[in-house]
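*Asks:* Supplied in structure tokens, the structure appears directly below.
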Amino acid sequence: MSYNDFKDSQFMNALANRSDLEIFAENKVSIFALELFFGLDDVLNTLSAAVTGGSDDAKTDILYVNRDQGSIVLIQAYEAQTFKKSAKGNKGADLSYAVNVLLASPENDIPLGIKPHVLEAREALKSGEINMLHVWYVHNLPENEQIKQQMQLILAPAQELLIKYQKHEFDINISIKEVGLETLDVFYKSSKQAIIIDEEIYLNQPSKGFRVSDSDWDTFVTTVSGGWLASLYRRFDRTELFSANVRGFMGANNKDNDKVINAGIQASARTSPIDFFVFNNGITALVHEFTLDENDPTKIKSIKGISIVNGAQTTGSLGSLDNDINLDNIQVGVRFIKCENKDKIESITRYNNSQNRVLQSDFRANDAIQKRLREEFTKLNSAEYDGGLRGVTSTDRKLKIDAHSAAQALMAWHGNPSDSYHKKMAIWDNDELYSLAFHPTITAGHILFIYTLLEATNLLKDDLRLKDKKNETQQNEKEFLAFLNERGSAFLIIHAMSKIIEVLLETNVKCSYGISFNQKLQRQTCINLWKDLLTKLSHNLKTLKPGLKNRLSNSSEIASVTGDFSSAFGTIFLTLKDQIKNNPYKNFVDKINNKI
């Protein structure tokens with residue numbers, strides 16, 4: 001497609017309506033791209049920590065670690081304010097430096113603005129949780145062949161640097177990509193339409209099968225060779241190939257639950273190719289059209305367009321095997337489905353992926369607590385809550401409260417921030433953790449109270465980061481930003497605030513899971529109240545930093561620093577109160593509902 005204006009891009013038109021992303025300023029294009037690429041729900045609380053802190057970023061604007069999908073994304077971002085035919089060039093040197101810092105710089109030489117991000121990424125690489133490193137130059141202009149060529153020059157050196165992390169039974173792949181308007185539009189289209197790939201694809205030879213049809217759909221059931229399926233994976237962009245799939249290929253190893261299955265697929269492909277057909281569930285793919293043999297309608301010759309709805313793991317497992325492995329003796333069952341009904345396509349996608357990994361929260365979504373909370377939230381005009389129920393679409397992104405992020409925040413307040421950080425999904429699976437986060441007495445107002453504290457912490461970090469980019473921060477702000485830039489700092493802050501809430505109130509909390517802001521307050525007002533309080537306490541909050549050692553893994557250190565923080569705050573509170581003869585935080589306290 002030829003672009004002559006920002007408005008020619010579906011991605012940019014959609015971004016123009018996303019006021020909730022304005023907080024990310026010059027990184028909002030990249031943030032929206034990550035949201036679409038990974039299918040993220042809670043952008044602020046998921047991606048805020050991925051944005052590097054301050055002006056010392058080693059040519060890296062975003063470093064996102066997604067352990068669930070085995071990926072790291074390193075992004076250098078550029079947002080043009082006026083349309084041009086291409087972005088700035090010379091990205092090879094900048095990205096080469098960024099990759100070198102990520103993979104090879106001695107720890108003491110890593111710039112402070114990106115050090116927490118780099119250390120987290122390296123830890124994930126070493127632990128075997130990552131099988132894909134994406135290096136993106138993201139901009140909002142047409143892509144340029146010269147830039148692509150410059151970027152490809154850093155591929156071989158980057159692969160060399162990755163060798164020291166290759167300690168596992170699978171390869172860590174790397175992709176170097178210019179992500180301009182063409183790719184951004186693919187991301188957007190993939191989130192909105194089922195089939196992106198539109199060309200005609202011939203089978204290696206006509207394949208025998210049978211046809212099943214209904215008023216809304218037409219299906220041909222057959223088999224394809226493993227070699228043909230692998231060729232699709234190697235040939236097409238994976239975002240396009242799996243555009244109708246709820247998740248792409250997760251990688252293969254013998255450690256992670258999802259990847260163990262894929263490793264098994266690869267093992268059976270190597271050792272039992274003839275039996276592969278009966279070992280494997282096969283794939284389901286949406287197509288625009290399929291063409292049958294004119295002389296024998298029980299055979300299919302070709303398809304037009306494809307999106308693999310179910311079978312990404314089979315496709316990726318075969319496609320990521322060495323090219324010298326002969327896969328032509330492998331037969332894979334396949335259903336090619338032609339359907340124009342959008343609602344039916346959505347159902348096909350959902351039900352065909354029912355065997356995918358079930359989230360622990362799925363089992364809690366319809367328990368009595370979550371049902372009641374969803375009902376209570378309908379009475380609040382400043383928040384919408386899905387309670388872990390997937391498929392619920394928010395009418396306003398600014399109102400949405402993500403149940404998983406809420407559970408982490410609640411765990412930090414009522415339990416331990418270490419569990420918030422390390423046991424995100426276990427909170428829903430473990431009865432003891434779940435009851436700590438979602439006690440039977442919990443109210444919707446209380447969730448909003450804690451969740452807006454999480455939002456305020458991340459928004460304050462973004463405010464300070466932008467201020468530091470302009471060299472407008474004072475020394476205390478720089479130190480506080482460095483603390484906020486550390487992994488897990490938001491959960492440690494939430495835990496610390498729970499320790500001083502009764503000092504602030506000058507009374508005991510009447511109901512631990514009921515304390516909230518006054519119901520008439522708007523969401524943004526609640527966030528601003530927390531931001532103002534956190535700013536006033538920033539000198540004290542940064543003393544919590546030792547509790548972040550080893551990614552919040554030291555419980556005794558967490559107890560020690562929060563205890564010291566609470567004691568110091570109590571002393572300061574009494575001193576200030578004595579000076580002004582009133583509660584120094586009266587504006588905050590007056591907005592709190594502390595009734596039974």
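Please treat every number below as a calculation from the coordinates, not as lab data. Every value quoted in this text rests on a predicted model; they were computed, and no experiment measured them. So basically every Cβ, Gly included, is an ideal-geometry build from the backbone, and we count neighbours across all protein chains shown.
*Asks:* Does anyone have the angle between helix 91-103 and the longest principal axis of the chain? Alpha-carbon axes, 0 to 90°, nearest 10?
*Replies:* 70
*Asks:* Now a separate question. What does the extension gain come out to for D293 and T535, with contour length at 0.36 nm per residue minus their alpha carbon separation?
*Replies:* Full extension of this stretch gives 80.0 nm more.
*Asks:* Now for a separate question. Report the Stokes-Einstein translational diffusion coefficient (µm² s⁻¹, integer) for the range 163-208, Rh taken as the Kirkwood radius over Cα pairs, at 25 °C with viscosity 0.890 mPa s.
*Replies:* Approximately 164 µm²/s, per Stokes-Einstein.
*Asks:* Residue-wise, which Karplus ³J(HN,Hα) couplings in Hz belong to the range 477-486, taking 6.51 cos²θ - 1.76 cosθ + 1.60, θ = phi - 60°, and x for glycine or proline?
*Replies:* 5, 4, 5, 5, 4, 4, 5, 5, 6, 6
*Asks:* Here's something else I'd like to know. Taking the Cα atoms only, what angle lies between the long axis of helix 403-414 and the longest principal axis of the chain, rounded to 10 degrees?
*Replies:* 30
*Asks:* Determine ³J(HN,Hα), in whole Hz, for all residues of the range 40-51 in sequence, where each value follows from phi through the Karplus function 6.51 cos²θ - 1.76 cosθ + 1.60 and θ = phi - 60°; x replaces Gly and Pro.
*Replies:* For the range 40-51, the Karplus-derived couplings read 7, 9, 9, 5, 4, 7, 8, 9, 4, 5, 7, 6 Hz, x marking Gly and Pro.
*Asks:* Pull up all non-local amide H partners of Y385: gap of 5 or more, or a different chain, and H-to-H distance under 5 Å with H placed in the peptide plane.
*Replies:* For Y385, whose amide H was placed from the backbone, the distant partners under 5 Å are I401.
*Asks:* Also: Using DSSP to define loop residues, name the GluC sites (Glu not before Pro) in the range 462-491 whose beta-carbon has at most 13 other beta-carbon atoms within 10 Å.
*Replies:* Passing sites in the range 462-491 are E472.
*Asks:* Let me ask something else about it. What base-10 log of the normalised intensity I(q)/I(0) is obtained for the range 1-135 from the Debye formula, alpha carbons as equal point scatterers, at q = 0.09, 0.13, 0.17, 0.19 Å⁻¹?
*Replies:* Result of the Debye calculation: -0.29, -0.60, -0.99, -1.19.
*Asks:* Sticking with this one: Output ³J(HN,Hα) for the range 15-25: one whole-Hz value per residue in order, computed from phi by the Karplus curve 6.51 cos²θ - 1.76 cosθ + 1.60 with θ = phi - 60°, and x for Gly and Pro.
*Replies:* Once rounded to whole Hz, the list reads 4, 4, 9, 9, 5, 5, 8, 4, 4, 8, 6.
*Asks:* Still on this structure: Mind checking which of Y188, N485, T82 is farthest towards the positive end of the chain's charge dipole, using Cβ charges of +1 (Lys, Arg) and -1 (Asp, Glu) about the Cα centre?
*Replies:* Farthest towards the positive pole: N485.
*Asks:* For helix 368-377, report the angle its Cα long axis makes with the longest principal axis of the Cα atoms of the chain; keep it between 0 and 90° and round to the nearest 10°.
*Replies:* The answer is roughly 70 degrees.
*Asks:* Taking each pair of distinct Cα atoms in the chain once, what is the resulting Kirkwood hydrodynamic radius in Å?
*Replies:* 26.1
*Asks:* Dividing the convex hull volume of the Cα atoms of the range 360-593 by its residue count, what figure in Å³ per residue is obtained?
*Replies:* That works out to 129 Å³ per residue.
*Asks:* Same structure, new question: What residues qualify as long-range amide H neighbours of N593, i.e. H under 5 Å apart, gap of 5 or more or another chain, H built at 1.01 Å from N?
*Replies:* S516, F517, N518
*Asks:* Run the quick spin-label model on N100 and L399: label points 7 Å from Cα toward the beta carbon, then report their separation in nm to one decimal.
*Replies:* About 5.2 nm separates the two model spin labels.
*Asks:* What nm value, rounded to one decimal, do you get for the distance between L574 and K342 when each label is placed 7 Å out toward the C-beta?
*Replies:* Computed distance between label sites L574 and K342 equals 6.5 nm.
*Asks:* Using modelled amide H (1.01 Å from N, peptide plane; none on Pro or chain starts), what sits under 5 Å from the amide H of I174, excluding residues fewer than 5 places away?
*Replies:* L133
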